[in-house]
Every structure is written in structure tokens, then in C-alpha cells.
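One structure is given below, encoded as C-alpha cells.
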Amino acid sequence: MDFFVGIFNDFYRVMIEGGRWVLLLEGLWNTIYIAVCAVLIGTVIGCLLALCKISKSKVLRAVANIYTTIIRGIPLATQLMIFYFVIFASFGMDRHLVAIIACGINSGAYVTEIFRAGIQGVDIGQTEAGRSLGLSRAQTMWRIVIPQAVKTALPTYTSEFIALIKETSVLSFIAVADLNKAGDLIRNATYNAWIPLITVAVIYLLITFGLTKLFALLERRLARSDRG
Amino acid sequence: MKKITALFMAVVLCALTFAGCAEKKQVTINSTEDLNGLKIGVQSGTTGQTWCEENTDSEVITFKSGMDAALDLKNGGIDAVVIDELPAQRIVEQNDDLKILDLRFTKEEYAIAVRKDDTALLESINKTIAEMKENGDYDKLTGAFMPADGNIVIPENVAPTSGETVKMGTNAAFWPFEYTEGSDIVGFDITMSQYIAKGMGKQLEIINMEFDSLIAALQAGSIDFIAAGMSVTPEREEEVAFSDTYYASEQVVIVRK
Amino acid sequence: MIEVKNLVKSFDGNVVLDGITETIQKGEKVVVIGPSGSGKSTFLRCLNLLETPDSGEIWFEGEQINTKKCNINRIRQKMGMVFQHFNLFPHLTVLQNITLAPVMLKLQTKEQAEARARELLTRIGLIDKADIYPNMLSGGQKQRIAIVRSLAMNPDVILFDEPTSALDPEMVGEVLELMKELADDGMTMVVVTHEMGFAREVGTRILFMDGGKVLEQAAPEEFFTNPKNERLKDFLSKVL
């Protein structure tokens with residue numbers, strides 16, 4: 001009993017006193033909106049580049065390949081710092097925006113591969129059936145291949161989003177106060193390591209677990225429509 | 001398709017709005033009050049951070065090192081950096097477009113931190129510091145790392161190179177107290193720690209980590225003492241025990257020229 | 001209607017079509033038979049350019065189709081194709097499978113296309129399946145719907161690429177029955193198949209292909225009773 005009272009007192013001192021829980025809330029908000037914006041950018045990039053990757057044009061394929069090779073070959077933290085301290089240095093751009101752009105570009109490379117695999121995973125017979133009916137390449141792609149590709153790519157796509165939420169914990173490298181950083185700030189202010197760390201860990205876990213469940217539900221819905 | 005286009009447009013629009021906000025403004029700071037409303041960069045977990053949070057109404061942005069904060073200052077991401085005097089001098093030396101303001105806020109003193117229950121180690125450290133001040137080793141140390149002519153000569157390791165080890169935690173981004181020279185971590189605190197280790201008859205193991213992780217690491221037992229230009233503050237004294245102080249410093253403000 | 005001149009196609013150095021010249025008239029039901037690897041499927045797939053020939057000419061209704069100038073999508077609207085593996089679109093209902101192309105290509109309004117699709121489905125007795133998804137259907141049903149899907153485009157010719165090879169034996173009959181009906185209605189058909197009974201009964205002309213060449217062709221009666229080519233004799237002795 002004393003043990004739990006002790007924990008509660010510690011928790012109260014570290015989190016509630018001085019309103020430090022607000023830091024966590026702000027950090028959580030930053031983490032979520034940066035991840036959501038980044039995944040939107042990543043999805044747009046991913047769509048375009050996946051189409052480049054399967055296009056007939058050698059130039060477009062090469063561009064997409066160079067992009068994915070470079071971005072996937074460099075850790076996010078390094079990219080983030082390059083974007084902030086080198087590429088966007090002279091623009092004086094808001095650090096949150098740089099974070100969104102960097103994470104978006106990073107995520108874009110992974111989404112590209114996910115979509116490409118999804119599109120190429122659709123049986124070639126589907127394309128042939130579409131084309132043999134007189135549909136153009138684009139019409140076949142848009143109405144026949146992509147709807148099926150989306151369904152197969154969805155599970156990996158959603159886990160990429162969840163991975164991105166976890167990866168945003170490197171944002172403190174460019175001094176963005178994300179959830180992880182909020183934990184750091186509380187740790188510094190209170191010199192208590194375990195309460196903020198465990199709290200942050202639990203919040204991350206709740207988000208990722210919740211999203212995993214949510215997406216699984218969504219996938220099951222989609223799968224059901226398949227069966228009519 | 002229309003929805004995607006609209007979404008994309010919205011993102012671009014947001015981007016432009018954000019980008020429009022930031023510009024490198026020239027700030028004039030003559031007193032503490034002038035820091036209000038500014039974006040101030042500090043190293044995470046330092047007294048600079050605490051001081052800014054407690055004494056100014058500014059947006060305090062924490063970086064992993066003072067150098068990162070300075071870089072962001074150059075790039076226009078923040079308006080000023082609050083940091084200890086000596087690292088500040090080093091930063092300004094290396095960046096022509098930055099300057100230190102002729103303004104001093106707080107005096108503070110560096111000391112070595114140990115676990116509260118580790119009285120034996122604390123006594124040993126205090127004894128070493130006292131001896132060094134007495135026999136001239138301390139003056140040699142300041143002479144080596146804060147020379148008048150600017151040419152630092154790094155002293156030889158004085159600690160034993162075999163036997164039991166004592167673990168010292170530091171954050172090697174705080175010139176001239178701890179920094180990297182080639183692949184070695186060197187500095188005032190490092191050499192002093194070697195004297196401390198020598199006094200204990202042990203090898204010195206240096207563990208380099210984030211500044212804001214040092215106290216937690218000490219409490220967790222992964223290091224035995226902290227020598228990281230750490231200032232004595234009442235908040236920290238609640239968590240750790242400090243040795244006798246060994247250096248007096250001040251917080252200064254760096255801005256763009 | 002379809003004219004093929006000196007068609008050559010090779011995959012990775014293996015010659016699959018070795019200079020084929022052939023003419024198919026309107027109303028003909030040409031059945032192509034031959035051992036596997038003889039190039040018969042490739043020949044069929046070249047007719048609507050699902051495979052691009054290395055050299056040679058393909059003419060359809062007086063227009064050469066294997067040139068850059070030719071809009072192949074427009075040609076394909078007039079050349080239906082039925083595949084071995086049906087290739088129905090699994091994400092669309094049966095009705096949507098049938099109406100997708102006519103509506104998308106603006107050949108018919110949605111209402112017209114649906115009415116036509118329902119009419120065709122009624123004809124083959126699958127009207128009750130209109131709103132379900134293909135994976136609820138049997139193989140035979142799938143293939144009949146695939147045939148209806150190409151019929152909905154009102155094609156001038158339908159190409160059948162081994163339409164019964166992927167079916168369980170008890171389902172082969174219903175598909176062949178539908179193909180026979182089409183033939184009776186006067187549809188021009190090119191059929192690659194192993195169904196000798198069908199070839200004999202429905203075909204107006206039978207081609208025997210082997211090694212990328214047409215080795216023999218004749219009307220069914222002549223073809224089956226009096227084969228001349230040694231390899232055809234050998235082939236028929238194995239399959240009949």
C-alpha cells in the first residue's frame with residue numbers, strides 16, 4: 001500500500017504540481033499533428049513516385065529510385081538535421097514546418113515502396129483484362145489496379161504511419177518539443193527519470209496500440225466489402 | 001482526386017504562412033526585461049534553461065548542445081542563446097556573425113556531483129580539489145585550458161591505467177571543460193577527474209551522454225560522479241550531493257550581429 | 001476482318017512465332033490447337049497487341065494496328081477477349097464488371113449499360129448474381145460473366161484464350177454451351193482451346209500450330225478425318 005501511495009505522491013509531485021502535465025499535452029499534440037501532416041505529404045509523394053516507379057519512362061524510374069535509395073539509406077535524425085541546419089537554414093523556416101517536411105519526405109520514400117509493391121502485387125491479368133476492354137493505361141490503373149492495390153497495401157501503409165509516430169521522437173534534435181521531448185523537459189525540471197519516461201512510454205503505447213486496433217477494424221471492413 | 005489536390009494545396013498554403021512568419025530580426029537587449037517575448041535557445045537541462053524559464057517571459061527552446069542552439073541562432077530560428085561564459089566565447093570565436101552581449105545575469109559555480117549516499121567518494125573528491133588548489137595543480141589546469149594566449153596544451157593523463165575503474169559522466173559539448181579533440185574527450189573537467197581518480201587509485205572511465213541525462217544516470221548508478229561544468233543549484237541539491245565548487249562562471253547572452 | 005502478315009515474336013531469344021500469315025474473315029469461327037508452347041496463345045494475344053510482335057503486320061478492319069499512329073484502345077473496343085483465368089475485377093460487383101468499360105469509355109450511359117448488362121445476365125441465367133462480388137461465383141459462372149463482359153462492348157470479334165482450361169470438368173459444359181450460342185448468333189470468334197469436340201462442332205476452320213508455325217489448316221471434317229502433317233497426326237492420336 002505504501003508503495004502505491006509513494007508512486008502516487010511521486011506522480012503528483014512530478015506531473016500535476018506546477019502543471020507539468022500541460023507539457024505532455026503540448027508534446028502529444030505536436031507529435032500527432034506533425035505525424036499526420038507528414039503522412040499526408042508522404043502519401044502524396046508516395047503516390048506520385050510509385051507511379052514513376054512503374055512508368056515506362058526510364059528518367060522517371062531513375063528519379064524515383066534515387067529518391068527512395070537516398071532517403072531510405074539515411075537515418076531520420078540525420079535527415080532532419082540536414083533539412084533544418086543545412087537545406088532550410090537560410091529560409092528561417094519554422095522548425096515545426098521543417099519537421100513536417102523532413103518527416104513527410106522520409107515517409108514518402110517508404111510509402112512509395114509500399115504502393116509500388118501493392119500495385120505490382122495486383123495480378124497482371126487484371127491489367128490485361130482492362131486493356132483488352134479498350135481502357136487506356138491510365139484508366140486501367142485508376143479504376144482497376146489501384147483500388148485493388150490500396151487494399152493489399154493498406155496494412156503495411158498503416159504500420160508505416162504508426163512507425164512514423166514513433167520515429168518523430170527524434171524531433172528534439174531540432175528542438176521541437178514533441179512528446180518524447182516533453183518527457184525530457186519534465187525529467188530536467190524534476191530530476192525524476194522514471195515517472196516522465198514511463199508516462200511517455202505508456203502514451204506512445206496507447207496511441208500505437210489504439211491505432212493498430214483502429215486500422216485492423218478498417219481493414220476488416222474493407223475485406224468484408226470484397227465478399228459482398 | 002479533387003480532394004487530394006485540395007489537401008495538397010492546403011498543406012502548401014500552411015507552409016507559406018509558416019515560412020512568412022520567420023525572419024531574422026535584429027534584437028536589442030539591454031536588460032532582463034528585453035528578453036521577454038523572444039525565442040531563446042538553451043542547452044537542455046542547464047542552468048541557462050532554468051534561469052530563462054524562471055526570470056523571463058520568453059519562449060525557451062532547448063537544444064541538445066550549445067552549438068546546435070548557436071547554429072539555429074545563425075539561421076534565424078531563434079533570437080538569442082543563453083549559455084555559460086566560456087563556451088559562449090568559443091562559439092563567438094568560431095562564428096563571425098554572432099556576438100556576446102555586455103550583460104551579465106547570474107553568477108554560478110561549478111561543482112562535481114555524486115550520489116547523496118556516496119559520502120566516501122564526496123570526501124575523496126573534496127580532498128583532491130583542496131590539494132590541487134594548494135599545490136598549484138589547479139592553477140596549472142586553468143593555465144592549460146584557459147591560457148592567456150589562447151593555445152591550449154592538453155596535460156598528460158595522471159590517473160592509473162589499470163586496476164579498478166571509477167565512472168565519470170559528462171557531456172562533451174562544453175568547451176573548454178569537456179569537448180572532443182580528434183577522437184578523445186578532453187577538457188578541464190576531464191583532467192580534474194583524472195586527478196580525482198588518481199586520488200582514489202583507480203582508472204578513470206569517461207561516459208559521454210546528453211547533459212540532461214546525467215543526473216538520472218548518476219541516480220541509476222551507471223556513473224559514479226558527474227564532472228560536466230555543472231552549476232550548483234538548490235533544485236539539483238535535492239537530488240545529488242555537490243563537492244566544493246571549483247570554478248565560478250556566469251550566464252551570458254549571444255545574439256546575431 | 002483480321003489479317004496477319006509474316007508475324008514474328010520471340011521471348012529472350014526463343015522464337016515463339018515464326019512468320020505467321022493468316023486471314024480471318026467476318027463470321028468465321030477459327031479454332032487454334034496445338035501442343036503447349038506451340039505459340040498459339042501468343043498468336044492470339046498478338047491479335048489485340050497484348051503482346052507486341054517483333055515484326056510483321058496486323059490489320060483489323062482495313063487498318064494496320066501495330067503502328068504508333070493507331071489508337072489501340074479504340075481497336076480493342078471492337079475485339080473482345082476472354083482469358084483462361086477469367087480476370088474478373090474482384091473489387092467490383094458482377095454488374096459493375098460488365099458496365100465499367102462501356103460507361104467509362106462513354107459508349108453508353110450508365111442506365112443503358114446496366115439495362116444491357118441485366119439483359120445479358122438474364123440470357124445466361126445469372127441475373128440473380130448481378131450485385132454480388134466475383135469471388136462468390138463458381139469458375140463456370142465467372143467465365144460466363146467474363147464472356148458477357150466482353151459482349152457488353154458489342155465487339156466485332158471475340159478472342160478466347162483457353163477459356164475452359166482453368167475450369168473443373170463439370171463446369172466446362174456450361175461455358176462451351178454459351179460459346180456455341182454466340183457462334184450460332186454469327187459472332188466472329190478466334191478460339192485457342194484443347195476442347196476437340198468443340199473445335200469439331202463449332203469451328204469453321206481449324207489451325208494446327210507447332211513450333212511457332214501454322215502447320216496445317218482445314219475445315220473440321222477434313223482436319224480430323226484426314227490429317228496430312230505428321231506432327232498433327234501424332235498430336236491427334238494423343239488427344240483424341
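For the range B:218-255, the tally of residues that are within 11 Å of chain A (Cβ to nearest Cβ) and within 30 Å of B:Lys39 (Cα to Cα) stands at 6. Screening the range B:97-111 for residues that are touching a residue at least 24 places away in the same chain (Cβ under 8 Å) and part of a loop (DSSP other than H, G, I, E, B) and picking the one that is surrounded by the fewest Cβ atoms within 10 Å (Cβ to Cβ) gives B:Asp97. In the set (1) part of a helix (DSSP H, G or I); (2) surrounded by fewer than 22 Cβ atoms within 10 Å (Cβ to Cβ), A:Asn192 fails one condition alone, (1). Residues considered: C:Leu95, C:Leu100, C:Leu88, C:Leu107. Of these, the only one that is within 12 Å of another protein chain (Cβ to nearest Cβ), part of a loop (DSSP other than H, G, I, E, B), of a type outside the set (D, E, K, R) and open to solvent by less than 20 Å² (accessible area, probe 1.4 Å) is C:Leu88.
Restricting the range B:72-90 to residues that are part of a helix (DSSP H, G or I) and closer than 17 Å to B:Val27 by Cβ leaves a set whose member that is most open to solvent (accessible area, probe 1.4 Å) is B:Lys74.
On inspection, B:Glu205 passes the criterion of being assigned to a strand (DSSP E or B), of a type in the set (D, E, K, R) and either open to solvent by 30 Å² or more (accessible area, probe 1.4 Å) or not assigned by TED's automatic domain parsing to the domain that holds B:Gln49 (or both). Looking only at residues in the range B:112-158 that are in a loop (DSSP other than H, G, I, E, B) and in contact (Cβ under 8 Å) with a residue 60 or more places away in the chain, the one that is most open to solvent (accessible area, probe 1.4 Å) is B:Lys116. If you check C:Gln25 against the conditions, is it open to solvent by 30 Å² or more (accessible area, probe 1.4 Å), more than 14 Å from chain A (Cβ to nearest Cβ) and touching a strand residue (DSSP E or B) at 6+ places or on another chain (Cβ under 6 Å)? Criteria not met by C:Gln25. Regarding C:Ile145, is this residue buried (at least 22 other Cβ atoms within 10 Å of the Cβ) and either touching a Gly at 6+ places or on another chain (Cβ under 8 Å) or within 18 Å of A:Leu135 (Cβ to Cβ) (or both)? Judged against the criteria, C:Ile145 is a match. Residues of the range B:208-222 that are touching a residue at least 60 places away in the same chain (Cβ under 8 Å) and surrounded by fewer than 16 Cβ atoms within 10 Å (Cβ to Cβ): B:Gly221 alone. Criterion applied to A:Leu171, A:Leu135, A:Leu206 was being at pLDDT 90 or above and not in a helix (DSSP H, G or I), and the one residue passing it is A:Leu135. Check the range C:35-52 and report whether any residue there is surrounded by fewer than 22 Cβ atoms within 10 Å (Cβ to Cβ) and in contact with a Gly (Cβ under 6 Å, 6 or more places away or on another chain). The answer is no; no qualifying residue exists. Among the candidates A:Ala117, A:Ala153, A:Ala109, A:Ala149, the residue that is in contact (Cβ under 8 Å) with a residue 24 or more places away in the chain, in contact with a Lys or Arg (Cβ under 6 Å, 6 or more places away or on another chain), away from chain B (no Cβ under 14 Å) and part of a helix (DSSP H, G or I) is uniquely A:Ala109. I'd like to know if the range B:223-231 contains one or more residues that are assigned to a loop (DSSP other than H, G, I, E, B), open to solvent by 10 Å² or more (accessible area, probe 1.4 Å) and touching a strand residue (DSSP E or B) at 6+ places or on another chain (Cβ under 9 Å). Yes: the range B:223-231 contains one or more residues that are assigned to a loop (DSSP other than H, G, I, E, B), open to solvent by 10 Å² or more (accessible area, probe 1.4 Å) and touching a strand residue (DSSP E or B) at 6+ places or on another chain (Cβ under 9 Å).
Say we look at the range A:120-135 and pick out the residues that are touching a helix residue (DSSP H, G or I) at 6+ places or on another chain (Cβ under 6 Å) and open to solvent by 30 Å² or more (accessible area, probe 1.4 Å); which of these is nearest to the other protein chains (Cβ to nearest Cβ)? The qualifying residue nearest to the other protein chains (Cβ to nearest Cβ) is A:Arg131.
Of all residues in the range B:168-190, none are open to solvent by 50 Å² or more (accessible area, probe 1.4 Å), within 14 Å of another protein chain (Cβ to nearest Cβ) and in a loop (DSSP other than H, G, I, E, B).
For beta carbons closer than 8 Å, sequence separation of 6+ or different chains, a first residue in the range A:16-42 that is closer than 17 Å to A:Phe161 by Cβ and a second that is among the aromatic types (Phe, Trp, Tyr), the qualifying pairs are A:Ala35/A:Phe161; A:Val39/A:Phe161; A:Gly42/A:Tyr110. Look at the range B:58-69: where a residue is basic (Lys, Arg) and a partner is open to solvent by 10 Å² or more (accessible area, probe 1.4 Å) and part of a helix (DSSP H, G or I), sitting 6+ places away or on another chain with Cβ atoms under 7 Å, you get B:Lys64/A:Phe173. Within the bounds of the range C:26-47, is there any residue that is in a strand (DSSP E or B), modelled with pLDDT of 90 or more and either over 15 Å from the mean Cα position of the chain (by Cα) or basic (Lys, Arg) (or both)? Yes, some residue in the range C:26-47 is in a strand (DSSP E or B), modelled with pLDDT of 90 or more and either over 15 Å from the mean Cα position of the chain (by Cα) or basic (Lys, Arg) (or both).
The listed residues are A:Thr43, A:Thr68, A:Thr78, and the only one of them that is under 26 Å from B:Ser65 (Cα atoms) and of a type in the set (S, T, N, Q) turns out to be A:Thr78.
For the range A:79-106, a residue qualifies if it is at the interface with another protein chain (Cβ under 9 Å from one of its Cβ atoms), closer than 23 Å to A:Gly46 by Cα and not hydrophobic (A, V, I, L, M, F, W, C), and the qualifying residues are A:Tyr84, A:His96, A:Gly104.
The values are calculated or read from the model by the stated rules, or taken from the named source; none is laboratory data. What you are looking at is a predicted structure, and each value in this text was computed from that prediction instead of being measured. All Cβ positions, glycine included, derive from the backbone under ideal geometry; neighbour counts span all protein chains shown. Heads up: the accessible areas ignore ligands, DNA and RNA and are worked out on the full protein's heavy atoms, side chains in. Shrake-Rupley method; radii C 1.70, N 1.55, O 1.52, S 1.80 Å.
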